[in-house]
1. Report, by residue number, each residue of segment 239-263 that is under 12 Å from residue 208 (Cα atoms) and open to solvent by less than 60 Å² (accessible area, probe 1.4 Å).
2. Considering only segment 131-165, state which residues are among the aromatic types (Phe, Trp, Tyr), more than 19 Å from residue 88 (Cβ to Cβ) and within 11 Å of the ligand (Cβ to nearest atom).
3. Please identify the pairs in which a residue from segment 146-165 that is at positive phi has its Cβ atom under 6 Å from the Cβ atom of a residue that is within 16 Å of the ligand (Cβ to nearest atom) and open to solvent by 10 Å² or more (accessible area, probe 1.4 Å), counting only partners at least 6 apart or on another chain.
4. Can you tell me which of (1) farther than 18 Å from residue 46 by Cα; (2) surrounded by 15 or more Cβ atoms within 10 Å (Cβ to Cβ) is the one residue 225 doesn't meet?
5. Are any residues in segment 92-111 within 13 Å of the ligand (Cβ to nearest atom) and open to solvent by 10 Å² or more (accessible area, probe 1.4 Å), and if so, which ones?
Amino acid sequence: MATTFETILFDVSEGIATITLHRPDRLNALTTQMGKELLTAFKTCARDDAIRSVVITGSGRGFSAGQDLSELAHVSPEWSVGDHLRHGYNRLILAMRKLEKPILAKVNGVAAGAGLGLALAADIRIASEEATFVAAFIGIGLAPDSGVSWMLQRLIGPARAFEFLTTGRKVKADEALAMGLVNRVVNAEALDMVTDDMASHFAQAPTRSIGLTKRLLNKVAMMPLEQALEYEAQIQDIAIHTHDHKEGVRAFLEKRPPQFVGR
Ligand code: LHQ
């Protein structure tokens, strides 16, 4: 199945949806239209039960250079950046975090500004050795948006987040790995294969269990332990009634590999 967009490519095959930011000559800088198309793609991923694993990546040598700055040059005096964020990036980042399916960012090149926000909103980041990470906001006199302040602080801690955000320096893949910004770094030739393997693994996994894990991790970070324990109990009450839980237990007792179907 393939859906046609203008600024992204969207392909679904064997339970894996691949979303490719597709403005390679602009390092996949994000336009308003691209934001809308991405939101549509993520909504499709949420709706379609056949999709059990999602990959987001960029065409050409970049992942995404963030907001397309030439679009900002043509805004009217009444234009509000706050509304631009509320109606665009904020919805997109929330759609990614609320999607109860694993999202892998295949970071093929530079991830900057809101492009970094997209990479951070994924659940797993696999970076090519050629990938770089740059906050970029400071370079144009802005503060972080697209969830970058929230996500980055949790991933790498407040001191490193502050330095990264306020110096705007380019962080290479190996340093990003050491910081905990990415899960894995692989050479550029192996990036597709490693990501495909992991995406296929997730496409065979108990999707509801992964979705509920994501819901838990999203929520418990802000809770005191007592509340987190109670929330875990509520989530487990849902997980225990899934087909895949029953299949997992049955397969264990029958000493065979489980056949998870994602519900
Ligand atoms: C670009 C861009 C770009 C357009 C490269 N736009 N063309 C949201 C809402 C509203 C307000 C603003 O903020 C936000 C969130 C944000 O995302 S703010 C951050 C916006 N992004 C940036 O400021 C990054 C600007 N780009 C760069 O600093 C560099 O291009 C990076 C470090 C990403 C990559 O550097 P290089 O690898 O040296 O590539 P390059 O600079 O040569 O770029 C290649 C082409 O892509 C070039 O066009 P050209 O015609 O000369 O080949 C660039 O103009 C174009 N491009 N980023 N964001």
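The values are calculated or read from the model by the stated rules, or taken from the named source; none is laboratory data. Remember, predicted model here, so these are calculated numbers, not experimental data. Note that we place each Cβ from the backbone using ideal geometry, even for glycine, and neighbour counts take in every protein chain shown. In case anyone asks, the SASA skips ligands and DNA or RNA and just uses the protein heavy atoms, side chains included. Shrake-Rupley method; radii C 1.70, N 1.55, O 1.52, S 1.80 Å.
1. Taking segment 239-263 first, the residues under 12 Å from residue 208 (Cα atoms) are 239-245, 260-263.
Listed by number, the residues that qualify are 239, 242, 244, 260, 262.
2. Quick first cut of segment 131-165, residues among the aromatic types (Phe, Trp, Tyr) only: 133, 137, 150, 162, 164.
Add one more test, that the residue is more than 19 Å from residue 88 (Cβ to Cβ), and what stays is 133, 162, 164.
Residue satisfying the conditions is 133 alone.
3. 146/89; 146/93; 147/93
4. (2)
5. 93, 108, 110
So that you can scan it fast, the table gives a plain yes or no per residue for (1) in the same structural domain as residue 28 (by TED's automatic domain parsing); (2) within 15 Å of the ligand (Cβ to nearest atom); (3) among the acidic types (Asp, Glu):
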residue	(1), (2), (3)
49	yes, no, yes
54	yes, no, no
60	yes, yes, no
65	yes, yes, no
75	yes, yes, no
83	yes, yes, yes
87	yes, yes, no
